[in-house]
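The values are calculated or read from the model by the stated rules, or taken from the named source; none is laboratory data. Because the structure is predicted, anything quoted here is derived from the model rather than measured. Cβ: placed from backbone, ideal geometry, glycine included. Neighbour counts: every protein chain shown. Heads up: the accessible areas ignore ligands, DNA and RNA and are worked out on the full protein's heavy atoms, side chains in. Shrake-Rupley method; radii C 1.70, N 1.55, O 1.52, S 1.80 Å.
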Amino acid sequence: MRVLLGVSGSVSCYRAADIARDLMRAGHDVRVCLTDSAAKFVSPILFETLTENPCLTDTFEEPITGQMAHIDWAREADAILIAPCTANTTSRLAHGVAADMLTTIVVASTAPLLIAPAMNPSMYASDQVQWALSILESRAATIITPQEGDVASGEVGLGKLAPNPEILEAVESVLARTQLLAGKHIVVTSGPTEEPIDDVRFLTNRSSGKMGAAVARAALLMGARVTVIAGPQAAALPLTATVHPVKTADQMLEKALEVSEDADWIIGVAAVADYRPEAATSGKFRRSEDALTLRLIPNPDIIATLAAARPKARVIAFAAEPDADISVAREKIVKKGVFAIAANDISRNDIGFGSENNELTLIRANGEPQFSGKRSKLSAALWLLENLAQE
Ligand code: C5P
């Protein structure tokens, strides 16, 4: 595979030469890009000699005349590792600032990103750097935590570049992950639905669509082609997925049936309204002093309908349970005819609806349940798909 190694200007950038070599020994084609400050510590010639590839620093460098290297290198990378990654480069990446060749390539690339921070312990502990790292992590970057030890300033603390074997292991596992769903088509339902009462009012629920977006992103990181049928959700969906916006449960089902013919996996993350008003009034009905009775009729069970219509697909449902009891979720596997259920406890306000985090229990028809532990929604989605893909 092709690994782009970004090197920024920490004293530890001398270790990047070994990292480049080790990646090559593992069979990867390595391209190196230096920031200006890294080029003050180490010469591009060192990396060109080691990797037998051009080593870029300047944004306008073009090893092949007329071909924009930042776009080619961004597209052709299977993974981007930045080791060492300084406070400056970390913050630029979090803000999407394309200020030099390295950050420009990262902004232009959809390849998974790994960051191995290396800096003075006070800088590493600063709010700015910790904020930047958490932003990058929420966008699926893998952060290779620095080790504790003596740093160049003579201090001891957390900020020393992680050991090389740890960095290499992280690259290998991210690269392996990109293949887990390669060639598969994954269809995801996401977000809430809106069930009209009249032309201005509707019934909906608290779903933010963050978990659906996380599942879509995780599937993309694992190499899948992803189609999302999304209710009116607040969370942004990845642009590399095909997104079909819908409003009602009926529209969601119709679209899901239309796009899932060749689906390998179907994942129901949407919080579909269980009921809808029997008849939506056109226009706006007027307020009066009389009580109003709204007759609700059940919506179709989208995921159960898909499971029956697409017997070859692996169908996974989510279950928002009001407590930690998983027996109800287990019954749903049979009732809905799905392969597995990812249950989460919505009685807790630190996970689930609207929150950045989730804690999933993966339940199959047989066998012991698996627990993700509390994590970011993206990390929970990766945990879920990795577990399921390995079967
Ligand atoms: O039965 P319950 O609503 O708890 O099931 C949740 C799962 O079923 C989720 O995967 C959800 O997307 C899906 N579902 C559906 N259509 C419905 C209700 C739920 O696809 N009408």
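Within segment 361-381, which residues are open to solvent by less than 20 Å² (accessible area, probe 1.4 Å) and among the aliphatic types (A, V, I, L, M)?
If the condition is that a residue be open to solvent by less than 20 Å² (accessible area, probe 1.4 Å) and among the aliphatic types (A, V, I, L, M), then LEU362, ILE363, LEU378, ALA380, ALA381 are the ones that fit.
Here is a yes/no grid of residues against (1) without any contact (Cβ under 8 Å) to a residue 12 or more places away in the chain; (2) within 16 Å of the ligand (Cβ to nearest atom); (3) closer than 26 Å to GLY223 by Cα:
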{"site": "ALA317", "(1), (2), (3)": "no, yes, yes"}
{"site": "ASP345", "(1), (2), (3)": "no, yes, no"}
{"site": "GLY354", "(1), (2), (3)": "no, no, no"}
{"site": "ASN358", "(1), (2), (3)": "no, yes, yes"}
{"site": "LYS377", "(1), (2), (3)": "no, yes, yes"}
{"site": "LEU382", "(1), (2), (3)": "no, no, yes"}
{"site": "LEU385", "(1), (2), (3)": "no, yes, yes"}
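Which helices (runs of 4 or more DSSP H) does segment 57-158 wholly contain that include 1 or more residues that are touching a residue at least 40 places away in the same chain (Cβ under 8 Å)?
The qualifying helices (runs of 4 or more DSSP H) are 69-76, 87-95, 101-108, 127-138.
Regarding segment 278-295, can at least one residue be identified that is within 16 Å of the ligand (Cβ to nearest atom), more than 20 Å from GLU391 (Cβ to Cβ) and open to solvent by less than 70 Å² (accessible area, probe 1.4 Å)?
There is no residue in segment 278-295 that is within 16 Å of the ligand (Cβ to nearest atom), more than 20 Å from GLU391 (Cβ to Cβ) and open to solvent by less than 70 Å² (accessible area, probe 1.4 Å).
Just the residues that are more than 27 Å from LYS312 (Cβ to Cβ), touching a residue at least 60 places away in the same chain (Cβ under 8 Å) and open to solvent by 20 Å² or more (accessible area, probe 1.4 Å), please, taken from segment 172-193.
Within segment 172-193, just GLU172 meets the criteria.
So is THR227 under 24 Å from LYS377 (Cβ atoms), open to solvent by less than 30 Å² (accessible area, probe 1.4 Å), free of Cβ contacts under 8 Å to residues at least 60 places away in the same chain and not in a helix (DSSP H, G or I) or not?
Considered against the rule, which asks whether it is under 24 Å from LYS377 (Cβ atoms), open to solvent by less than 30 Å² (accessible area, probe 1.4 Å), free of Cβ contacts under 8 Å to residues at least 60 places away in the same chain and not in a helix (DSSP H, G or I), THR227 comes out as yes.
Here are LEU306, LEU385: which of them is among the aliphatic types (A, V, I, L, M) and within 19 Å of ALA235 (Cβ to Cβ)?
LEU385
Among ALA216, ALA241, which is the only one that is under 24 Å from PHE353 (Cα atoms), within 16 Å of the ligand (Cβ to nearest atom) and surrounded by 14 or more Cβ atoms within 10 Å (Cβ to Cβ)?
Result of the check over ALA216, ALA241: ALA216.
Return yes when ASN344 is polar (S, T, N, Q) and either at pLDDT below 85 or open to solvent by 20 Å² or more (accessible area, probe 1.4 Å) (or both) and no when it is not.
So ASN344 does not fit the description; no.
If a residue must be at pLDDT 95 or above and surrounded by fewer than 17 Cβ atoms within 10 Å (Cβ to Cβ), how many such residues does segment 296-329 contain?
9
For segment 60-86, name all the residues that are among the acidic types (Asp, Glu) and either touching a helix residue (DSSP H, G or I) at 6+ places or on another chain (Cβ under 8 Å) or open to solvent by less than 10 Å² (accessible area, probe 1.4 Å) (or both).
Answer for segment 60-86, where residues must be among the acidic types (Asp, Glu) and either touching a helix residue (DSSP H, G or I) at 6+ places or on another chain (Cβ under 8 Å) or open to solvent by less than 10 Å² (accessible area, probe 1.4 Å) (or both): GLU61, GLU62, ASP78.
Given the conditions (1) closer than 16 Å to ARG2 by Cβ; (2) buried (at least 17 other Cβ atoms within 10 Å of the Cβ), report the number of the one that THR89 does not fulfil.
(1)
In segment 139-157, which residues are open to solvent by 20 Å² or more (accessible area, probe 1.4 Å) and under 27 Å from the mean Cα position of the chain (by Cα)?
If the condition is that a residue be open to solvent by 20 Å² or more (accessible area, probe 1.4 Å) and under 27 Å from the mean Cα position of the chain (by Cα), then ARG139, THR142, ILE143, THR145, GLN147 are the ones that fit.
Determine, yes or no, whether ARG206 is assigned to a loop (DSSP other than H, G, I, E, B), of a type in the set (Lys, Arg), on the phi < 0 side of the Ramachandran plot and open to solvent by 20 Å² or more (accessible area, probe 1.4 Å).
Yes.
With respect to GLY157, determine if the residue is in contact with a Phe, Trp or Tyr (Cβ under 9 Å, 6 or more places away or on another chain) and at pLDDT below 95.
It is true that GLY157 is in contact with a Phe, Trp or Tyr (Cβ under 9 Å, 6 or more places away or on another chain) and at pLDDT below 95.
Is there a residue in segment 258-276 that is surrounded by fewer than 20 Cβ atoms within 10 Å (Cβ to Cβ), closer than 22 Å to SER207 by Cα, within 14 Å of the ligand (Cβ to nearest atom) and in the same structural domain as SER355 (by TED's automatic domain parsing)? Outline the logic, then answer.
Kept after step one, since they are surrounded by fewer than 20 Cβ atoms within 10 Å (Cβ to Cβ), are these residues of segment 258-276: 258-259, 261-262, 264, 274-275.
Subset that is closer than 22 Å to SER207 by Cα: 274-275.
Narrowing the set further to residues that are within 14 Å of the ligand (Cβ to nearest atom) leaves 274-275.
Pick out the ones that are also in the same structural domain as SER355 (by TED's automatic domain parsing) and you get 274-275.
The answer is yes, given that some residue of segment 258-276 is surrounded by fewer than 20 Cβ atoms within 10 Å (Cβ to Cβ), closer than 22 Å to SER207 by Cα, within 14 Å of the ligand (Cβ to nearest atom) and in the same structural domain as SER355 (by TED's automatic domain parsing).
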